[in-house]
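Just below is one structure, and these are the notes that go with it.
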Amino acid sequence: MASLTCPLALQRYHQVLLAHGGGGRLMHQLIQEMFLATFQPEPAWQHDAASLTVQGDRLAFTTDSYVVTPLFFPGGDIGSLAVHGTVNDLAMAGAKPCYLSLSLILEEGLPIDTLWRVVQSIQAAAERAQVRIVTGDTKGVDRGKGDGLFINTSGIGILEHDTWIGPSAVQPGDQILVSGDVGRHGIAILSAREGLAFETAIESDSAPVADRVQALLSQVPIHCLRDLTRGGLASALNEIALAAEVSMDLASGQIPVQAEVQGACELLGLDPLYVANEGRFVAFVPASAADTALACLRQSHASAQVIGTVVKRGSAQVTLQSSTGSRRILDLLSGEQLPRIC
């Protein structure tokens, strides 16, 4: 039975902040203290995609919304981003994505040419990800009330394996791998939004990852997967550490960040480990499988790397060791580094 007491989120904040949707501490608190406390979903549903059994068939189901600004950015747009983000959430459950719904909230005054570009991008991204758009909805809002275009998607995928992939499967000794360099998507959005020009153009990493996940599943046991969207690598690892009640040690020199992204972050006062990605994920695998998993990931991205280890149970902490041996704690951000990036 759902609790009828006032959730802590209401006691702390009387209005929604941008950070409540930013992937950091405030969003985590809102989800834990309001949504999960009220709806009380099964543990198997508390992941990027819910794992469901329907008349003996195992399915994955997910939903997501996209409010990115600007609508078009280096390496992608709101349409391709909506497809990639949804199929990637299905992939994090180890599912083969199959079908998507598509709902559009259109602001009065949006140029029809802009909408056509987005629709064409959605179709091209769906073909690349080998999924079909099978249902949807369209709504309109008054001029000035919708920022052009918002998109909501839901996705269904097939689970063709019997493995439970999620935070509860993480074990001490597991090796943590990242599928490629981090931070590009957030910096690409920021450069387009603010009109920033860098010596080398930085493009979003937005892309479907299901093929890479399926290849991994065919070669190694996987304990947990998580795509690195809002809040970046650091936030994703903190979420897993909290859910699994484990500590993790990372090696800063092993985390791949493009020199251009690192330079842009230093210029703008950002930490690339908290900057969003849309085509990257982390995988937790047994130590004995780490070499095979890394070789598999590097077939797609040479920058894939083993970045750390799960060290113990009983405390949820992520620490980063520098090349000089010093350590710092990677915590969830309380504020919002880059709003409206997905």
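Evaluating Gln171 against the criteria (1) out of contact with any Phe, Trp or Tyr (no Cβ under 9 Å at 6 or more places or on another chain); (2) surrounded by fewer than 20 Cβ atoms within 10 Å (Cβ to Cβ); (3) assigned by TED's automatic domain parsing to the domain that holds Gly232 leaves one unmet condition, (1). Considered as a group, the residues in segment 305-342 that are outside any strand (DSSP E or B) and touching an Asp or Glu at 6+ places or on another chain (Cβ under 7 Å) include one that is nearest to Ile176 (Cα to Cα), and that residue is Ala316.
For segment 78-103, a residue qualifies if it is crowded, with 24+ Cβ neighbours inside 10 Å and assigned to a strand (DSSP E or B), and the qualifying residues are Pro97, Leu100.
In segment 281-302, the qualifying residues are those that are under 19 Å from the mean Cα position of the chain (by Cα), crowded, with 17+ Cβ neighbours inside 10 Å and over 21 Å from Ala244 (Cα atoms), and the one that is modelled with the lowest pLDDT is His301.
Scanning segment 192-226 for residues that are among the acidic types (Asp, Glu) and either in contact (Cβ under 8 Å) with a residue 12 or more places away in the chain or under 14 Å from Gly279 (Cβ atoms) (or both) turns up Glu199, Glu203, Asp205, Asp211.
With respect to Phe39, determine if the residue is at pLDDT 95 or above and either surrounded by fewer than 19 Cβ atoms within 10 Å (Cβ to Cβ) or out of contact with any Asp or Glu (no Cβ under 7 Å at 6 or more places or on another chain) (or both).
No, not satisfied.
The values are calculated or read from the model by the stated rules, or taken from the named source; none is laboratory data. From a predicted model like this one, the values you see are computed outputs, not experimental measurements. Virtual Cβ from ideal backbone geometry, glycine too; neighbours counted across all protein chains shown.
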